[in-house]
Amino acid sequence: MTDVTCFSADCNKSKLFWGLLALGGLVMLSTLSAYFYIEHHGHIVTGMNNQIVWGLPHVFAVFLIVAASGVLNVASIGSVFGKKIYKTRSPLSGLLALTILAGGLAVLVLDLGRSDRIIVAMTHYNFKSIFALNMIFYTGFFAIVGLYLLTLMDRKLKPWSHPVGFLAFLWRLALTTATGSIFGFLVARAGYNSALYAPMFIIYSFAYGLACFLVVQTAMYKWNNIQIDEYVLGRIKNLLAVFVAASLYFTAVLHLTNMYFAKQWDFERFILVEGDTYPMIFWLGQVIVGGIIPLLMIFSPGAAKSPARILIAALLVIVGGHAQMYVTIVGVQAFPLAIFPGYAETSSFFDGVVHPYSPSTLEVMLALGGMATTFLLTTVAVRILKFLPIDKLDQKH
Amino acid sequence: MTASHKPERRDFLKTGAVVAGAAIAPGVLFYGIAQGRAPEEGASSLVRWGMLIDTGKCANGCTACVNACNTENGLSGKTGPQDSQWIRKLNIKHLQTGIEHNLPMLCQHCANPPCVDVCPTGASMKRADGIVLVDRHICIGCRYCMMACPYKARSFVHEPLADQNPDVPRGKGCVEACTFCVQRVDKDQQPACVEACNADGHQAMLFGDLRNPESAIAKAMLAYASVEVRGDLGLNTGVRYQGI
Ligand code: SF4
Ligand code: SF4
């Protein structure tokens with residue numbers, strides 16, 4: 001770890017660096033203008049309403065939050081399970097965990113009806129609320145992962161990296177469980193009525209986190225003109241395959257168990273076959289683009305020699321992850337809530353009908369702010385500190 | 001207290017909250033909740049307010065309760081997807097028998113309210129007398145409570161509001177729902193919907209103290225079979241329906 005080549009030494013890539021910052025800054029600017037516009041006019045200017053109360057911003061935010069805990073997996077495998085090729089990647093993994101979480105939380109906060117009351121949110125806790133618990137988990141995550149990064153980068157603190165890494169590992173499991181439970185607790189909604197949500201979110205987080213890690217790592221290697229070792233890439237890509245396959249498996253189990261309960265049939269038919277655009281987003285986005293195609297690419301001959309192919313596979317996993325969040329968050333709300341099961345319902349409040357949702361441009365601008373935040377923080381951090389993972393040949397075995 | 005009820009003051013607070021929120025919040029929190037009695041009097045746990053709705057008497061097409069609610073609480077009465085509806089007329093038709101019922105659907109004032117459980121800040125709260133309210137000075141507008149409510153009883157205020165009833169604090173970016181007209185109940189009056197239903201001669205809604213065996217509602221609950229909507233969820237709702 002100590003002989004990591006300097007990222008900024010003589011790279012002379014200042015122009016590109018500032019260009020990237022400007023790009024991220026521009027996206028951030030559009031996010032902020034969307035935010036102030038919504039703040040002024042109210043959520044009436046968005047596509048969200050009293051039926052679809054969480055829209056595109058939540059899709060992007062929850063994706064990032066889940067990915068943030070997953071990306072730390074790389075460090076956990078290194079520190080907790082002592083695998084060397086992952087140990088080398090621990091600092092970058094820790095950094096990404098922080099920047100991705102910051103991005104996700106930023107969007108969540110910007111989409112609040114009263115984001116100006118953030119102080120209230122931080123000083124009033126209802127400890128029964130899983131949402132409040134999440135806030136505590138997020139804060140703790142920042143502290144523990146920050147500390148972990150310190151132990152990795154400071155020679156004197158190095159002996160602590162193992163126990164702190166282990167704590168970070170446990171904490172992130174708890175955090176993802178809590179995030180998944182946000183949905184699992186909503187018993188009234190047909191789509192969320194499953195105990196599988198928490199473990200499923202952990203598996204999803206593994207896949208999304210590793211995919212994000214791969215994208216950033218590939219970009220950094222490209223930037224520094226470093227060729228990633230075939231063996232190392234082979235190991236990481238196989239791990240991604242395991243996570244993606246496990247995600248598909250959990251998704252299948254969720255829907256199969258749901259179908260076992262007669263009261264869930266209508267919902268399953270809605271989300272898998274006939275409900276608006278959701279079946280298409282599910283099958284095409286989550287299953288095919290986010291699952292099957294990446295798996296095929298990862299296992300295609302010569303994949304370990306082709307960082308580009310693995311990069312595309314990772315990007316597809318990320319796209320699929322957003323499709324999954326869209327189905328999980330918006331799709332479930334679109335399905336009419338059965339207030340009187342066994343009855344057809346009609347009212348002025350859209351009871352008994354599928355709720356349409358079309359996100360406005362403002363929501364897209366708001367949602368992209370999470371990625372922009374992550375991008376900006378990461379770009380600056382890797383520029384000023386040593387995060388580039390360098391593999392030593394003898395580390396392989 | 002009176003000063004706090006003036007709309008201009010609330011508007012000022014709304015815009016000033018960004019800079020001064022932390023400093024002035026403790027002083028104004030009390031007045032974020034719709035209430036008629038002085039805060040120090042509090043609500044009594046000896047009382048549990050409830051409502052019994054006789055679907056047999058609820059007339060098809062009648063919206064007297066809805067209109068009265070809108071007037072009392074300063075709602076626009078518009079019914080777009082982004083407009084607030086605290087009470088709505090629901091028509092339900094049994095899928096097998098085809099039998100139909102009409103009924104008003106409103107916050108059920110659950111004894112075990114999921115909205116209160118999930119609210120991260122504690123803005124959603126249940127008073128000692130069973131009335132479930134949103135403290136609009138603590139609500140951050142996360143809408144988690146709307147996701148959690150099994151009855152779609154809550155609305156999110158999507159746009160700035162004008163001309164409000166000073167007794168009923170509402171605000172852009174916050175979530176709101178039926179309060180059982182707490183501002184009237186605390187003055188020993190009936191909720192506006194109940195009064196309107198009676199005035200129209202339907203008498204489909206009965207409001208009162210479930211804990212007082214002498215009250216009309218407690219007696220009616222003993223005399224007729226009534227149900228909780230989604231009773232399977234075990235929320236122990238304060239609103240019950242008969243005739244379904
Ligand atoms: S009906 Fe909905 S809003 Fe009212 S108390 Fe129950 S859960 Fe809360
Ligand atoms: S929207 Fe307001 S009342 Fe509802 S859960 Fe969030 S903070 Fe609580």
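Averaging the sequence gap over all C-alpha pairs within less than 8 Å and six or more residues apart, then dividing by the number of residues, gives the stretch A:288-375 a relative contact order of 21 percent. Of the residues A:S93, A:H43, A:T151, the one whose Cα sits farthest toward the positive end of the charge dipole of chain A, with +1 on the Cβ of Lys and Arg and -1 on the Cβ of Asp and Glu, is A:T151. When each of B:Y241, B:Y224 is scored by the number of other beta-carbon atoms lying within 10 Å, the sequence from fewest to most is B:Y224, B:Y241. Computed from label points 7 Å out along Cα-Cβ, the spacing between A:F17 and A:L32 is 2.2 nm. State the answer as a single residue: which of A:G320, A:L133, A:A168 lies farthest towards the positive end of the charge dipole of chain A, with beta carbon charges of +1 for Lys and Arg and -1 for Asp and Glu, about the Cα centre. The listed residue farthest towards the positive side: A:A168. Farthest toward the positive end of the dipole of the protein assembly as shown, out of A:G291, B:L106, B:L233, is the Cα of A:G291, where the dipole comes from beta carbon charges about the Cα centre. For a straight C-alpha distance cut-off of 30 angstrom, the lysines reachable from A:K222 (same-chain residues fewer than eight places away being disregarded) are A:K13, A:K15, A:K83, A:K84, A:K87, A:K158, A:K237, A:K305, A:K386, A:K392, A:K396. Panel order for A:T176, A:T99, A:T277, by other beta carbons found within 10 Å of each beta carbon, from fewest to most: A:T277, A:T99, A:T176.
Cα centroid distance between the stretch B:172-198 and the stretch A:123-143, in Å? Going from one Cα centre to the other spans 33 Å. Put a plus charge on the Cβ of each Lys and Arg, a minus charge on the Cβ of each Asp and Glu, and nothing anywhere else: the dipole of the protein assembly as shown about its Cα centre is then about 1960 debye.
Other residues whose C-beta falls under 13 angstrom from the C-beta of B:C115 contribute a net charge of +2, scoring Lys and Arg +1 and Asp and Glu -1. Each of A:W171, A:W265 has some number of other Cβ atoms within 10 Å of its Cβ, and from fewest to most they run A:W265, A:W171. The Cβ shell under 12 Å around B:Y241 holds other residues with a net charge of +1, Lys and Arg each +1, Asp and Glu each -1. Once you reduce the stretch B:113-149 and the stretch A:351-384 to the center of their Cα atoms, the two points are 27 Å from each other. Taking A:T328, A:T361, A:T31 as the candidate residues, the one with maximal mean-square fluctuation in a Gaussian network model of chain A, Cα springs under 10 Å, is A:T361. For A:K128, the aspartates and glutamates whose Cα comes closer than 13 Å to its Cα, not counting residues fewer than 8 places off in the same chain, are B:D117. Treating r as the C-beta distance of A:L167 and A:D229 and R0 as 35 Å, the FRET efficiency rounds to 0.70.
Throughout, read-outs are computed from the coordinates displayed, never taken from laboratory work. Just so it is clear, the model here is predicted, and its values are computed rather than measured. Ideal geometry is used to build each Cβ from the backbone, glycine not excepted, and the neighbour counts take in all protein chains shown.
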